[in-house]
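Asks: Supplied in structure tokens, the structure appears directly below.
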Amino acid sequence: MSHTPLIGRRQVLAGAAGILGLALASPARAAHVPPFGRYGSPRHRLNDRTLYVDSQGRGDYTTVQAAVDATPDSPAEGWTLVIAAGTYRETVLVPQAKTGLCFLGATGDARDVVIVYDNAAGTPKPDGGTYGTSGSATATIQADGFTAAHVTFANDWLRADHPEITDTQAVAAKVMGDRSYFERCRFLGHQDTLYADTRNVATFARQYYRECYIEGDVDFVFGRATAVFERCELTTLARDVTFRPYGFVFAPSTAAANPHGFLAVHCVINGPAADASFGLARPWRPSSDPTAVPSLVVRETWMGPSIDAATPYVDMSSGYHWRDARFGEFHNKGPGAAIPVPENRPQLTPQQAAEHTPRKYLGDWHPRPALLPRPH
């Protein structure tokens, strides 16, 4: 994001699995379970629009990007990549022409299938310059109609390992397409973990995240998409800093013409961060759209003690107060949802809340799970 970053140090955990918060499949388990579970294999495909990815060489491709590249542009029907358990250390681009593509984790557990890389905004590029926030993304999804189920998208770049870099945004996934659906996926990172965006300011993109896990510290869910987070877990990570707030969960940058920004419903917002150390949101007005009117509604959500109940919203830039954004709450619970200072917690009436539901935000799009058998 184009703002002055909060510089801190990511909590360093022991071992690669610990850093990612993952429990990868054990060799013993892998020896007894087919790499693609119930989803067929290259010799017994579910259909002729299914490709298989396995880092151990048992599929059609060993990298996710190679499989993406192998699918046709603008297909009449979407293609599916069944991805075997493993850690895929690569950046992945799903271009705009790859419409209707699905990433399906073969085991049914997102912890087993990990797409991860470690670029930050300030990381030097081989040909000069730096990557910038968008360029830091491990996965960039430009296409409409994208679906992912049971996959982890991670950026494991660490502030502590790179004290010379001050632009510490490190995106796990940048999602730009309309009708983007993520089910039981994980998004792991620290600053700017999930970039829920659109391809341009004039384009509205609807995104639906169901039963997903998202972690981070600074503005770790941000962007201008119309994005619904339903029954998701958003985890506020601890930071080794002396200031507060440590960071913010949301930083929407909704275009003024878009009636719907971010909606969190029936979620859990919690984590190991200290009590009252996190803000719930701050409004982002990017330089590319200084007329943005950020929109966020959090309803029927449990907020843990890491959220500062007295001051949950903070200005991001001078000249634009958070009260000028479209922020609202409805029937939230938990210590972080307490209302000690009513003027700092704008509450919706039941009539207003009726306009902020997944159906209102998603309109004529009815997200459906991938039409493939689920593993037992």
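Computed from the coordinates by the stated procedures, all read-outs in this text should not be read as laboratory data. No experiment lies behind these values; they were computed from the predicted model shown. Note that each Cβ is placed from the backbone with ideal geometry, even for glycine, and that neighbours are counted across all protein chains shown.
Asks: If each residue's Cβ is checked for other Cβ atoms within 10 Å, how do 36, 187 rank with the fewest at the top? Walk me through the intermediate numbers first.
Replies: Working: 36 26, 187 31.
Ranking 36, 187 by Cβ neighbours within 10 Å, fewest first, gives 36, 187.
Asks: Now, a different point. Taking the mean number of other Cβ atoms within 10 Å as a proxy for protection, how do you rank 145-155, 159-169, 240-250 from highest to lowest?
Replies: Per-residue Cβ counts within 10 Å, averaged per peptide and sorted highest first, yield 145-155, 240-250, 159-169.
Asks: Evaluate the Kirkwood expression for the hydrodynamic radius of segment 60-167, namely the inverse of the mean inverse distance over all pairs of different C-alpha atoms, and round to one decimal in Å. Could the numbers behind the result be given before it?
Replies: Details: mean 1/r = 0.0673 Å⁻¹.
By the Kirkwood definition, the hydrodynamic radius is 14.9 Å.
Asks: Can you give the extra length, in nm with one decimal, that the chain gains between residue 347 and residue 310 once fully stretched, where that is 0.36 nm per residue apart less the Cα-Cα distance? Don't skip to the end; give the middle numbers.
Replies: On the way: separation 37, 0.36 × 37 = 13.32 nm, distance 1.39 nm.
The residue 347-residue 310 span can extend by a further 11.9 nm.
Asks: I've got another one for you. What distance in nm separates the simple spin-label points at residue 56 and residue 162, each placed 7 Å from Cα in the Cβ direction?
Replies: The two pseudo-label positions are separated by 3.2 nm.
Asks: Now a separate question. Can you show me the helix-derived [θ] at 222 nm for the chain, built from DSSP H runs with n ≥ 4 at -39,500 (n - 2.57) apiece and divided by the number of residues, rounded to the nearest 500.
Replies: Helix contribution divided over all residues of the chain: -1500 deg cm²/dmol.
Asks: Tabulate in residue order the Karplus-calculated ³J(HN,Hα) for segment 157-163, using 6.51 cos²θ - 1.76 cosθ + 1.60 with θ = phi - 60°, rounded to whole Hz; enter x for Gly and Pro.
Replies: 5, 10, 4, 4, 7, 9, x
Asks: Taking the DSSP beta bridges in the chain as the whole, what percent of them are antiparallel, to the nearest 5?
Replies: On the way: 4 of 84 bridges.
Restricted to the chain, the bridges split so that about 5 percent are antiparallel.
Asks: While we're on this one: On the principal axes of its Cα set, how long, how wide and how thick is segment 287-376? Give whole Å, largest value first.
Replies: 50, 36, 28
Asks: Something else: According to the square roots a ≥ b ≥ c of the eigenvalues of the Cα gyration tensor, what is the shape class of segment 147-206, taking rounded for a/c under 1.5, prolate for a/b larger than b/c otherwise, and oblate for the remainder? Walk me through the numbers on the way to the answer.
Replies: Working: a/c = 4.74, a/b = 1.53, b/c = 3.10.
Because a/c hits 1.5 or more and a/b fails to exceed b/c, segment 147-206 counts as oblate.
Asks: Would you mind working out the magnitude of the charge dipole of segment 261-340 relative to its Cα centre, with +1 at each Lys and Arg C-beta and -1 at each Asp and Glu C-beta, to the nearest 20 Debye? Show your work: numbers first, answer last.
Replies: Working: 6 positive and 7 negative charges, 24 e Å.
Here segment 261-340 has a charge dipole of around 120 debye.
Asks: If you don't mind, another one. Pairs of Cα atoms under 8 Å, at least six residues apart: use those to get the relative contact order of segment 94-211, whole percent.
Replies: Details: 323 pairs, mean separation 31.8, N = 118.
The value is 27 percent.
Asks: How big is the charge dipole of the chain about its Cα centre, in debye rounded to the nearest 20, if each Lys and Arg gets +1 on its Cβ and each Asp and Glu gets -1 on its Cβ? Before the final figure, lay out each step's value.
Replies: Details: 35 positive and 37 negative charges, 145 e Å.
Charge dipole, the chain, about its Cα centre: 700 debye, nearest 20.
Asks: Could you list the trypsin sites (Lys or Arg not before Pro) in segment 46-90 that lie in coil according to DSSP, counting only those with at most 15 other Cβ atoms within 10 Å of their Cβ? Intermediate values should be presented prior to the final figure.
Replies: Numbers: sites: 49, 58, 89; in loops: 49, 58.
Sites meeting the loop and neighbour criteria: 58.
Asks: Here is a follow-up. Using a ≥ b ≥ c from the Cα gyration tensor of segment 234-304 (square roots of the eigenvalues), is it rounded, prolate or oblate, where a/c under 1.5 gives rounded and otherwise the larger of a/b and b/c decides, a/b for prolate?
Replies: Values: a/c = 3.65, a/b = 1.47, b/c = 2.49.
The shape class here is oblate.
Asks: Quick one: order 356, 44 by neighbouring beta-carbon count within 10 Å, fewest to most.
Replies: On the way: 356 22, 44 8.
Fewest-to-most Cβ neighbours within 10 Å comes out as 44, 356.
Asks: Pop out the ³J(HN,Hα) list for segment 164-179 in order, Karplus 6.51 cos²θ - 1.76 cosθ + 1.60 with θ = phi - 60°, rounded to Hz; leave Gly and Pro as x.
Replies: Each residue of segment 164-179 in turn: 6, 9, 9, 8, 9, 5, 8, 7, 7, 9, 10, 10, 10, x, 6, 6 Hz.
Asks: Using amide H atoms built 1.01 Å from N in the peptide plane, name the residues 5+ places from residue 59, or on other chains, whose amide H lies under 5 Å from its own.
Replies: Residues meeting the criterion, in which the H sits 1.01 Å from N, are 54.
Asks: Another question, then. What ranking do 263, 51 get, fewest neighbouring Cβ atoms within 10 angstrom at the top? Please list the in-between numbers first.
Replies: Numbers: 263 24, 51 20.
Ordered from fewest to most neighbouring Cβ atoms within 10 Å, 263, 51 come out as 51, 263.
Asks: Right, here's the next one. Which of rounded, prolate, oblate describes segment 211-334, given a ≥ b ≥ c as roots of the alpha-carbon gyration tensor eigenvalues and a/c under 1.5 marking rounded, otherwise prolate only if a/b is larger than b/c?
Replies: Numbers: a/c = 1.76, a/b = 1.25, b/c = 1.40.
It is oblate, given that a/c is not under 1.5 and a/b is not larger than b/c.
Asks: Another one. Run the reach check for residue 333 against lysines, Cα to Cα strictly under 29 Å, same-chain hits fewer than 8 apart removed. What comes back?
Replies: 360
Asks: Rounding to the nearest 20 debye, state how big the charge dipole of segment 33-184 is about its Cα centre with +1 on each Lys and Arg Cβ and -1 on each Asp and Glu Cβ. Walk me through the numbers on the way to the answer.
Replies: Working: 13 positive and 18 negative charges, 85 e Å.
The dipole of segment 33-184 has a size of about 400 debye.
Asks: For residue 93, which sequence-distant residues (separation of 5 or more, or a different chain) have an amide H within less than 5 Å of its own amide H, given hydrogens modelled in the peptide plane?
Replies: Residues meeting the criterion, in which the H sits 1.01 Å from N, are 140.
Asks: Restricting to Cα pairs below 8 Å that are 6+ residues apart, what does the relative contact order work out to for the chain? Please round to a whole percent. Before the final figure, lay out each step's value.
Replies: On the way: 1057 pairs, mean separation 42.3, N = 376.
For the chain, the relative contact order is 11 percent.
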